[in-house]
């Protein structure tokens, strides 16, 4: 049985659906007590992990729960680190002590973004508070992996789903002939949520002790994406107003030149490859 920690997240819920569609058994966690039921147990990272009882029969788990917004981590580094580092490691230790394989979801933010297609074994170089927290957790987990703990790490960049709120809002505004604002200094190498979920399912099913990575093959700026949306729906690309993410108040680390990671391992082992960014945006 698989444990999905943080199934209220977009990727977590997609992974749970995929595993169940493959006739796998899934137990989920929720931080909302009112949603706890037979196949969903309460787990809130705001409270000590020692209070959490691991359900019987769990053989593998994936941790989706995190404070993932860069601005939230920058605004509250102590509180966010309590979730992203301290209690995440505590949960991993409880799970692996029972030989439950645990997959930790990390981020391209462990790199500074100066180079594209970063290898999984490249030295980390975070510039955001979120990236530093993920790096700290990764470092601790890799030490445990070196001692034989059943742990894996999967680094992701931006995961997107059909109906993406930003693209939907852009479409409505452009259709009405109104201008939109898009960042010229922020990039995206999107991964469809179904491919992200498939990668996670494969890794936890095979219990792979590895640092794997998954991103799209190239980056677009948000201006590129906005103009593509305009052209696709027949609107004037001139309605896309380029603005700066940094000047808009986003925290350090929000504007790496590159978010792509070397994803060749998953492509070679599972034939999981991410389409070109424009192909993905066209389906959103």
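Worth a mention:
- Remark: spin-label model distance residue 53-residue 93 equals 2.2 nm, labels positioned 7 Å along the Cα→Cβ axis.
- Calculated translational diffusion coefficient of the stretch 1-144 (10 °C, 1.306 mPa s; Stokes-Einstein with Kirkwood radius over alpha-carbon pairs) equals 100 µm²/s.
- For the chain, pairs of C-alpha atoms spaced more than 32 angstrom apart make up 26 percent of the total.
- Distance in nm between pseudo-label sites at residue 125 and residue 264 (7 Å out along the Cβ direction from Cα): 2.0
- Under a Gaussian network description of the chain, with springs only between Cα atoms under 10 Å, the residue in 219, 99, 76 that fluctuates furthest is 76.
- Percent RCO, i.e. relative contact order, over the chain, from Cα pairs under 8 Å lying at least 6 residues apart: 20
- Spin-label pair residue 147-residue 207: with each label point 7 Å from Cα along the Cα-Cβ axis, the two points sit 1.9 nm from one another.
- Summarised in one figure, the compactness ratio Rg/Rh of the stretch 154-265, Cα atoms and Kirkwood Rh, is 1.05.
- Segment residue 271-residue 32, length gained on full extension (0.36 nm per residue, minus Cα span): 82.4 nm
- Kirkwood Rh in Å, taken over the stretch 64-175 so that all alpha-carbon pairs contribute: 15.5
We did not get these values from a lab; they are worked out from the coordinates using the rules stated. Bear in mind that the values here come from a model prediction, so they are computed numbers and not experimental data. As a convention, Cβ positions derive from the backbone with ideal geometry for all residues, glycine included, and neighbour counts pool all protein chains shown.
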